[in-house]
1. Explain nothing, just compute: Karplus ³J(HN,Hα) = 6.51 cos²θ - 1.76 cosθ + 1.60, θ = phi - 60°, for every residue of segment A:202-209 in order, whole Hz, x for Gly and Pro.
2. For a test of understanding, tell me how many lysine pairs in the protein assembly as shown have Cα atoms under 29 Å apart, given they are 8 or more places apart or on different chains.
3. Would you work out the relative contact order for segment A:1-150, in percent, from Cα pairs under 8 angstrom that are 6 or more residues apart?
4. With charges set only on the Cβ (+1 for Lys and Arg, -1 for Asp and Glu), what does the dipole of the protein assembly as shown come to about its Cα centre, in debye to the nearest 20?
5. Calculate the dipole size of segment A:110-258 relative to its Cα centre from +1 charges on Lys and Arg beta carbons and -1 charges on Asp and Glu beta carbons; express the result in debye to the nearest 20.
6. Residue by residue, what Karplus-based ³J(HN,Hα) values in Hz, rounded to whole numbers, does segment A:74-85 have, using 6.51, -1.76 and 1.60 with θ = phi - 60° and x for Gly and Pro?
7. Would you mind giving the mean number of other chain beta-carbons within 10 Å of the Cβ of each residue in B:68-77, as a whole number?
8. What's the angle, to the nearest 10 degrees (0 to 90), between helix B:2-51's Cα axis and the longest principal axis of chain B?
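Derivation of every value follows stated rules applied to the coordinates shown; laboratory data play no part. Note that this is a predicted model, so its numbers are computed, not measured. Positions of Cβ are generated from backbone atoms using ideal geometry, with glycine treated the same way; all protein chains shown enter the neighbour counts.
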Amino acid sequence: MPLLGAFTFPPIDELFRWKDIWFAGTPLAINKTVLLVLISSALICILMIGGSRKKALRPGPVQNVVEMTYEFIDNGITKDVVGHDATRYTPFLGTLFLFILFLNIWEVIPALQFPPTARMGIPGFLALMVYVLYLYTGFRYQGFKYLTGHLFPPGVPIALYILVTPIEFVQLFLVRPFSLAVRLLANMMAGHILLTALALLTAYALTHNPGILKVIAVGPFLLNVGVTGFEILVAFLQAYIFTLLTAVYLGDALHPEH
Amino acid sequence: MSTVLLAAQQAGELKAGLQSIGAGIVYGAAAIGPGIGIGLVVGNAIQAMARQPEMQGTIRTTMFLGIAFTEALALFGFVLFFLAKS
C-alpha cells in the first residue's frame, strides 16, 4: 500500500520550460514567462501613473500606496545607502524594486503560480544592467581612481596586495553581477520547486491511498499553506535585497569612502 | 556479448548514482558555512538592536546586507547542485 512510497518528482525542465503560446518558433515567441512579464509591466505602469496623476492633498487609497512606495525607496534606500545627494537614482531603484516584486509575487498567485524571475533571462539581464550602470557611474565620478581604490585598498601592507588585488578584481568584475543574478534566481527557483513538490505530494497522497489513509494528505497540504506564506515574505525580501545591493554598489561608485 | 551490454548498463547506472551522490554532497557542504555565517550575523544584529533600539533601522538594513553576502555562497552551491546532476 503506497503511503508516500513510490512518489517520483518530475524532471526540473517540466517545471520551468513553458510551451510557446503565440508566434511559436520565431525569436519573438511568447510563452507564460514573457506574458507574465508583460502583464506585470502594464500593471506597474497603470498603478504608478494612475496613482500619481491627480496629486490630491488628501490622498485616496491608491495614491497613498504609491506615495508610501516612493517614500520607502527614497528614504530607506536612496538617501540612506546611496547618499543624500543621489535622489536622481530613486526612479531607477524604484522601478527595479517594483518590477522584481511584481514578478516574484506571481509565485503565490493562485492558478498562475510561476515566478518569471526563476528563469535566468530576467535576473541575468537586470544584473547586467546594474553592472554596466555602477561601472559607468564609478568611472564617470571617480575616474581611474575607482579602479585603483578597489584594487589597492588603502591601509593594507604592500606585500598583501599579491593576495588582495586578484580577490578584489574578481569581486568587482565577476562575483558582484553573478551573485546578484544568482541570488534572485536561486531563491525564486527553490521556492517554486518547494511549492510544486508539496502540491504534488498532496495530490499523490489523495489519489494513491485507499479510504481513510487519504488523511495523510493533510500533512503536505498544511505545510504547503505555511510555505506559501513564507514565499510571500521571500518575494518582498528578494526584491528589497536586489535593490539594496544595487544601491550599495552605486553608493560605492559615487563616494569612495563608504 | 550480453555481459558487455550488462557491464555498459551498469557503468551508466553507476555514473548516474555517483552524480547524484556528488550533487547531494555539493549542496550539503555548501550550506554549512553560510548557515553558521547567517546565524552569527542575525544573532549579533539582534544583540545590537536590543542594546540600542533607536538604531534599529540602520542595523536592520546592514543585517540584510550581511545576510545577502553570506547567503550567496549557499546559492552558488544550489546552482552547482543542478549543474552536477545534469
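1. Karplus values, whole Hz, x for Gly and Pro: 4, 4, 5, 5, 6, 8, 9, 9.
2. Qualifying lysine pairs in the protein assembly as shown: 7.
3. 16
4. Details: 19 positive and 16 negative charges, 94 e Å.
Using Cβ point charges on Lys, Arg, Asp and Glu, the protein assembly as shown gives about 460 debye.
5. Result for segment A:110-258 is approximately 220 debye, rounded to the nearest 20.
6. 5, 7, x, 10, 5, 5, 6, 9, 6, x, 6, 9
7. Per-residue shielding by partner chains comes out at 5.
8. 0
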